[in-house]
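K.L.:
Before I ask anything, let me first share the structure, which is written out below as structure tokens.
The values are calculated or read from the model by the stated rules, or taken from the named source; none is laboratory data. Quick caveat: nothing in here was measured; it's all calculated off a predicted structure. Glycine also receives a Cβ, built like all others from the backbone with ideal geometry; neighbour counts cover every protein chain displayed. These accessible areas exclude ligands, DNA and RNA; they are computed on the full protein's heavy atoms, side chains included. Shrake-Rupley method; radii C 1.70, N 1.55, O 1.52, S 1.80 Å.
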Amino acid sequence: MKTTINYIGLFFLAIISLHACKTDDMNYEDAKVTAVKTLYEPADNKAIKLVSSASASLYFEWEAVKVEDSGAALYEVLFDKVGGDFSKPLYTVVSDNNGFSNGATITHKVLNKIAALAGIEPGSTGDLIWTVGASRGVNRVLAEESRTLTITSLNGFTDIPDEVFITGEGSETGTDLATSLPFKLTASGEFEIYTKLEGGKTYHFVDRTSGTPRIFYSPNGTTLRESTGNDEITVDKTGIYRISLDFNVSTISYMEVKSVGLWFCPSNEVIWNLDYHGKGVWTGTGKITFKQESWGKDQRYKFQIETVSNGTAETKQIGTLNTTDSAPTDGSDPSYYYVRVLPNVTQWDDKWKFMDKFDGKSTTISLLMKGDAAYTHTITAN
């Protein structure tokens, strides 16, 4: 009987505890915050002409709010069309420091996107309004004022394609739309492809490989436009090119790849070249002999390419996407071999190491810069 009574007592204690948790913890309410009283920057009616630089930005700042429980508030910058009330803002940007700062650094590219949502045509000037919302949880309190911002937008596309392909008689796959080669998406609205172009023959870009795609071209070799007819592009000479498209700012640029070589770090030189085999792939075969040093054998390598852009020759290197200082094994993750174009030309930085089994062997190396896969390279012993 005593044991039964104790069990009953414990049961009621548990019920009381649960009730206490429910009343104390589950009826949580957001701490109240005051509204932002003053907006500091940018000034009301400020006019700004957007530029295409990735680092270009505009700083927004406002007076910090007070929070009922003395905690930190979260801030957002809200944008709307002139005449709007921010109940359904066009765009919202979290402030710096993950929302805890009373300032926000907003890039020109983001502002250009907002301008497009406000109906400002590419390259045109128009107004939008902005304010700041503060919160401690769910409920957002709008600032006591809003300001107007006059924007001259970038000459970019408002409807950026998700995919881009190259087609036409001057392309590697000819006029068969279904076999068009894909570009690689490198950043939001930015695409590139490594491919061969036939001099004097036409080509263009499309957003799909079936049906009736949108067509893009360049009237002058630097500006990207959408075609409403049968507009085409040509290059003067046959060659291997990296074509870069930026739909954010409507630009196109070309870099001719004159040669690709295997760069052997210990000898500080290209030891043999790779030939272009089509569709973004270069392949070469040669003997790999590690350099004997007092501490052992040196087996470090990367790639070096000779390029021409706007008539200017430049040497570039291709090295590791994922930094490593170890040789791989047969079971290494494929990402070990991923590549990127490096910002600088050096002897040792951003290199790989050959596996020991390639020392003194005839070896075939392929560099794969294909639009539908990770940029990478392969190595096999013959």
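K.L.:
Examine region 96-112 for a residue that is without any contact (Cβ under 8 Å) to a residue 24 or more places away in the chain, part of a loop (DSSP other than H, G, I, E, B) and under 23 Å from the mean Cα position of the chain (by Cα), and state whether such a residue exists.
P.N.:
yes
K.L.:
Taking the stated definitions as given, is GLY174 without any contact (Cβ under 8 Å) to a residue 12 or more places away in the chain, open to solvent by less than 40 Å² (accessible area, probe 1.4 Å), assigned to a loop (DSSP other than H, G, I, E, B) and not hydrophobic (A, V, I, L, M, F, W, C)?
P.N.:
So GLY174 passes the test.
K.L.:
For residues that are touching a residue at least 12 places away in the same chain (Cβ under 8 Å), in a strand (DSSP E or B) and open to solvent by 40 Å² or more (accessible area, probe 1.4 Å), tally how many sit in region 278-307.
P.N.:
Residues that pass the stated criteria total 7.
K.L.:
Can you say whether LYS88 is assigned to a loop (DSSP other than H, G, I, E, B) and within 30 Å of the chain's Cα centre (by Cα), as far as the supplied structure shows?
P.N.:
Judged against the criteria, LYS88 is a match.
K.L.:
Can I ask one more? Any idea which residue in region 331-360 is most open to solvent (accessible area, probe 1.4 Å), counting only those that are of a type in the set (Ser, Thr, Tyr) and without any contact (Cβ under 8 Å) to a residue 40 or more places away in the chain? Write out each step before concluding.
P.N.:
Taking region 331-360 first, the residues of a type in the set (Ser, Thr, Tyr) are 332, 335-338, 346.
This time we only want the ones that are without any contact (Cβ under 8 Å) to a residue 40 or more places away in the chain, so: 332, 335-336, 338, 346.
Values: SER332: 40, SER335: 35, TYR336: 30, TYR338: 67, THR346: 41 Å².
Looking at residues that are of a type in the set (Ser, Thr, Tyr) and without any contact (Cβ under 8 Å) to a residue 40 or more places away in the chain, I get TYR338.
K.L.:
Continuing with the same structure: Scanning for something open to solvent by 30 Å² or more (accessible area, probe 1.4 Å), under 20 Å from ALA374 (Cβ atoms) and in a strand (DSSP E or B), does region 310-324 turn up at least one residue?
P.N.:
yes
K.L.:
Okay, moving on. Is there any pair with a first residue in region 62-73 that is over 16 Å from ARG140 (Cβ atoms) and a second that is modelled with pLDDT of 95 or more and open to solvent by 60 Å² or more (accessible area, probe 1.4 Å) whose Cβ atoms are under 9 Å apart and which are 6 or more apart or on different chains, and what are they?
P.N.:
GLU63/LYS37; GLU63/TYR40
K.L.:
Taking interchain pairs and intrachain pairs at least six residues apart, which have beta carbon atoms under 6 angstrom, with the first residue in region 361-375 and over 14 Å from TYR276 (Cβ atoms) and the second open to solvent by less than 20 Å² (accessible area, probe 1.4 Å) and aliphatic (A, V, I, L, M)?
P.N.:
From region 361-375, the pairs are THR363/ILE288; GLY371/ILE193; TYR375/VAL339; TYR375/MET369.
K.L.:
Given THR195, THR202, THR150, THR179, which one is touching a residue at least 12 places away in the same chain (Cβ under 8 Å), within 30 Å of ILE129 (Cα to Cα) and of a type in the set (Val, Ile, Thr)?
P.N.:
Checking each option against the conditions leaves just THR150.
K.L.:
What number of residues in region 154-164 are open to solvent by 20 Å² or more (accessible area, probe 1.4 Å) and either over 18 Å from the mean Cα position of the chain (by Cα) or over 30 Å from ALA118 (Cβ atoms) (or both)?
P.N.:
Count: 1.
K.L.:
Of the residues in region 44-62, how many are assigned to a strand (DSSP E or B), surrounded by 12 or more Cβ atoms within 10 Å (Cβ to Cβ) and not small (Gly, Ala, Ser)?
P.N.:
Total meeting the criteria: 7.
K.L.:
Name the one entry in THR150, THR195, THR167, THR179 that is open to solvent by 10 Å² or more (accessible area, probe 1.4 Å), modelled with pLDDT of 95 or more and closer than 30 Å to LYS279 by Cα. So that I can check it myself, show each step before the final result.
P.N.:
Numbers: THR150 fails: closer than 30 Å to LYS279 by Cα; THR195 fails: open to solvent by 10 Å² or more (accessible area, probe 1.4 Å); THR167 fails: open to solvent by 10 Å² or more (accessible area, probe 1.4 Å).
Result: THR179 is the single residue among THR150, THR195, THR167, THR179 that is open to solvent by 10 Å² or more (accessible area, probe 1.4 Å), modelled with pLDDT of 95 or more and closer than 30 Å to LYS279 by Cα.
K.L.:
Limited to region 85-124, what total is found for residues that are open to solvent by less than 10 Å² (accessible area, probe 1.4 Å) and either more than 17 Å from ILE160 (Cβ to Cβ) or of a type in the set (Lys, Arg) (or both)?
P.N.:
Step one: list which residues in region 85-124 are open to solvent by less than 10 Å² (accessible area, probe 1.4 Å), which gives 95, 99, 103-104, 106, 111, 114-115.
From what's left, either more than 17 Å from ILE160 (Cβ to Cβ) or of a type in the set (Lys, Arg) (or both): 95, 99, 103-104, 106.
Number satisfying all stated conditions: 5.
K.L.:
Same structure again: Does ASP350 fit the bill of being among the acidic types (Asp, Glu) and either more than 15 Å from THR376 (Cβ to Cβ) or touching a Phe, Trp or Tyr at 6+ places or on another chain (Cβ under 9 Å) (or both)?
P.N.:
Judged against the criteria, ASP350 is not a match.
K.L.:
While we're on this one: State the number of residues belonging to region 125-143 that are at pLDDT below 90 and open to solvent by less than 50 Å² (accessible area, probe 1.4 Å).
P.N.:
Summing the residues that are at pLDDT below 90 and open to solvent by less than 50 Å² (accessible area, probe 1.4 Å) in region 125-143 gives 1.
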